[in-house]
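The values are calculated or read from the model by the stated rules, or taken from the named source; none is laboratory data. As the structure is a prediction and not an experimental result, all values here were calculated from the model. When we count neighbours, we look across all protein chains shown, and the Cβ atoms used for this are built from the backbone with ideal geometry, even at glycine.
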Amino acid sequence: MAISLKSLRNQVVVITGASSGIGLVTARMAAKQGAKLVLAA
């Protein structure tokens, strides 16, 4: 069974720890791909 993933442009991503480190980098990368973001520090 093949896994089919939606592009980030069609996703809402919830990121905790978005004020620094991996969370911040992940948020920036997802935003560049067009994801809608919900961020928490």
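Can you tell me which residues in the stretch 1-20 are of a type in the set (A, V, I, L, M, F, W, C) and either modelled with pLDDT of 95 or more or closer than 17 Å to residue 33 by Cβ (or both)? Don't jump to the end; show me each part of the working.
To start, the set of residues in the stretch 1-20 that are of a type in the set (A, V, I, L, M, F, W, C) comprises 1-3, 5, 8, 12-15, 18.
Selection gives 5, 8, 12, 13, 14, 15, 18.
Can you name the residue in the stretch 9-41 that is of a type in the set (S, T, N, Q) and free of Cβ contacts under 8 Å to residues at least 24 places away in the same chain and is also surrounded by the most Cβ atoms within 10 Å (Cβ to Cβ) among such residues? Full working, then the answer.
Filtering the stretch 9-41 down to residues of a type in the set (S, T, N, Q) leaves 10-11, 16, 19-20, 26, 33.
Next, from what is left, pick out any that are free of Cβ contacts under 8 Å to residues at least 24 places away in the same chain: 10, 19-20, 26.
Values: 10: 10, 19: 11, 20: 9, 26: 16.
By that ranking, first place goes to 26.
If a residue has to be within 8 Å of the chain's Cα centre (by Cα) and small (Gly, Ala, Ser) to count, how many in the chain make the cut?
Of the residues in that region, 4 qualify.
Would you mention how many residues in the stretch 1-25 are over 16 Å from residue 41 (Cβ atoms), assigned to a loop (DSSP other than H, G, I, E, B) and not charged (D, E, K, R)?
So the first thing to find is which residues in the stretch 1-25 are over 16 Å from residue 41 (Cβ atoms), and the list is 1-12.
From the residues that got through so far, the ones that are assigned to a loop (DSSP other than H, G, I, E, B) too are 1-7, 11.
Subset that is not charged (D, E, K, R): 1-5, 7, 11.
Residues in the stretch 1-25 being over 16 Å from residue 41 (Cβ atoms), assigned to a loop (DSSP other than H, G, I, E, B) and not charged (D, E, K, R): 7 in total.
Do we find that residue 36 is touching a strand residue (DSSP E or B) at 6+ places or on another chain (Cβ under 9 Å), of a type in the set (D, E, K, R) and either at pLDDT 95 or above or at negative phi (or both) in this structure? Outline the logic, then answer.
Values: touching a strand residue (DSSP E or B) at 6+ places or on another chain (Cβ under 9 Å): yes; of a type in the set (D, E, K, R): yes; either at pLDDT 95 or above or at negative phi (or both): yes.
So residue 36 passes the test.
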